[in-house]
Structures are given as C-alpha cells and as structure tokens.
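Notes for the one structure printed next.
The values are calculated or read from the model by the stated rules, or taken from the named source; none is laboratory data. These numbers come from a predicted model, not from an experiment. Using ideal geometry, Cβ is built from the backbone for each residue, glycine included, and neighbour counts are taken over all protein chains shown. The protein model used for the area step is the full one, side chains on, heavy atoms only, and it has no ligands, DNA or RNA in it. Shrake-Rupley method; radii C 1.70, N 1.55, O 1.52, S 1.80 Å.
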Amino acid sequence: MTPPAIELASGSRTTPDSASPRLVGTTTDGAHTHDVSSPPARAAIALLDQARRVIESLDDHCYTAPSGRIAGGTIGKHFRHCLDHFAAALWPLASGAGGSAQEVIDYDHRDRNVPMETDRQVAINEIRSVREAIRRTSEADMPRRVVVRVMLTSDGQEADLPSTFGRELAFAAHHAIHHHAMIKSIAEEFGAALPPEFGKAPATLAYEQH
C-alpha cells in the first residue's frame, strides 16, 4: 500500500522545510502564518480550520458511531478520507524529486482503520500537520506538473493522467466539501448541530448570498 503523502503528526512523510516562509498575522489557531497568496491554498486552509473546529465541538460517541443514514460511515472515517486526499495532493512537493515516479498522486491507495478515525485529538493533530504543509506552498507551486493515477475499474485497471498541483489541491478542497455534507448529515443523526455553511459548495454559498 502506498504510504501517506506527507509527514502527519502520527509520523508519516512531510513536505520539506525549505518552502520560503513569509510570516504575517495569525491563523484561526492563533499561530503565525504565511501570507498565503494562492486561492487553492487559502480555500484548503479554510476548510481544514473549519474541520478542526467541528471535531473540537463533537463528543467521542458522535465522532465514532456508525451512521444509520450512510451505511458503514462514521464522522471519523469521513474526516480521515478527506485528509488522505489533501495529503496525496501534497506528495509531489514532499517528494522533491522532479519527474520521478514519486511525483504520481494516487488517491486510491490509502491507509484505513487508523487512529484518527476514532481519536479526535489525533485527527486534530493530523489536520494541523496537513494545514502547515499547505501553508508552506507558494503561488509558484500551483502550475507544477504532476501525474494523477486513477483506478478506473474494480479489477484494478489504472490510468495516469496529467494535471497540475494547483488543480489537485483545488480538487481535494471540493472533495472535502462533499464529505463535509455527509459529516453534517451524520452529526444531525446524533443530535449535533453544525454551522449552516458547513458542507456547502462555494457556488451554493455564492448563490445564497445574492
């Protein structure tokens, strides 16, 4: 199985520290941050901050209980799935080996049944680690060419498709919104009310505001 893409708090690989920080202001965590100029990075960070706040607001039962609405789903599993996609998208920057096979983004080979699915604090630590890796990206990273490996059939047929890092970071963000909507449904099932904007696509929010 393909290892996690970056070094998460639990000890997987990470992005290098050489990503030229520019510290300005504070984050919602109250920590210093870069002046993140890339829209995909800003969107991803906002979603990760939102996810962290939701996890902090839930109790352990709500976070781990299997849903009756979405078969086999738990809030913890959905958040883990979202983090996997962000981590996979970041792997080309973590590998630091231009043009090598390590620059392939593979969303389909993931670790399952990991601690963050059942431990809220582990999940929060993982989110902060992924957030930090995204915070260290720059506008210059966005057009970087990458290859995305996708599984097309249940018998394992795969295809390698060209893309860019920025496009894949934006995809991971939109993918997270989709799962946030399911997380919101599960939370409501167990009596937890989440913010009304949680799990809504940017286009939906823009429409509602106008």
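Please determine whether any residue of the stretch 6-15 is exposed (fewer than 12 other Cβ atoms within 10 Å of the Cβ) and modelled with pLDDT under 50. Yes - at least one qualifying residue is present in the stretch 6-15. Would you confirm whether or not the stretch 96-117 contains a residue that is modelled with pLDDT of 95 or more, out of contact with any Asp or Glu (no Cβ under 6 Å at 6 or more places or on another chain) and not in a loop (DSSP other than H, G, I, E, B)? The answer is yes; a qualifying residue exists.
If the condition is being out of contact with any Lys or Arg (no Cβ under 7 Å at 6 or more places or on another chain), in contact (Cβ under 8 Å) with a residue 40 or more places away in the chain and in a helix (DSSP H, G or I), then the stretch 53-80 contributes Val54, Glu56, Ser57, His61, Cys62, Thr64, Ile75, Gly76, Lys77, His78, Phe79, Arg80. Here is the figure for the stretch 156-180: residues that are touching a Ser or Thr at 6+ places or on another chain (Cβ under 8 Å) and either part of a loop (DSSP other than H, G, I, E, B) or of a type in the set (Val, Ile, Thr) (or both) total 0.
Quick check on the stretch 134-147. Is at least one of its residues in a strand (DSSP E or B), open to solvent by 70 Å² or more (accessible area, probe 1.4 Å) and within 25 Å of Ile105 (Cα to Cα)? The answer is yes, given that some residue of the stretch 134-147 is in a strand (DSSP E or B), open to solvent by 70 Å² or more (accessible area, probe 1.4 Å) and within 25 Å of Ile105 (Cα to Cα). Restricting the stretch 157-177 to residues that are touching a helix residue (DSSP H, G or I) at 6+ places or on another chain (Cβ under 9 Å) and of a type outside the set (A, V, I, L, M, F, W, C) leaves a set whose member that is most open to solvent (accessible area, probe 1.4 Å) is Arg167. When each of Thr153, Thr204 is tested for being open to solvent by 40 Å² or more (accessible area, probe 1.4 Å), at pLDDT below 95 and either closer than 19 Å to Gly73 by Cβ or assigned to a helix (DSSP H, G or I) (or both), the lone residue that passes is Thr204. Is it the case that some residue within the stretch 183-192 is of a type in the set (D, E, K, R), part of a loop (DSSP other than H, G, I, E, B) and either touching a Phe, Trp or Tyr at 6+ places or on another chain (Cβ under 8 Å) or more than 28 Å from Ser67 (Cα to Cα) (or both)? No, that holds for no residue. Being open to solvent by 70 Å² or more (accessible area, probe 1.4 Å) and either of a type in the set (Val, Ile, Thr) or within 26 Å of Pro92 (Cα to Cα) (or both) is the filter here; which residues of the stretch 178-201 pass it? Of everything in the stretch 178-201, just one residue is open to solvent by 70 Å² or more (accessible area, probe 1.4 Å) and either of a type in the set (Val, Ile, Thr) or within 26 Å of Pro92 (Cα to Cα) (or both), namely His178.
Looking across the stretch 108-125, the residues that are closer than 29 Å to Leu152 by Cα and of a type in the set (D, E, K, R) come down to Asp108, Arg110, Asp111, Arg112, Glu117.
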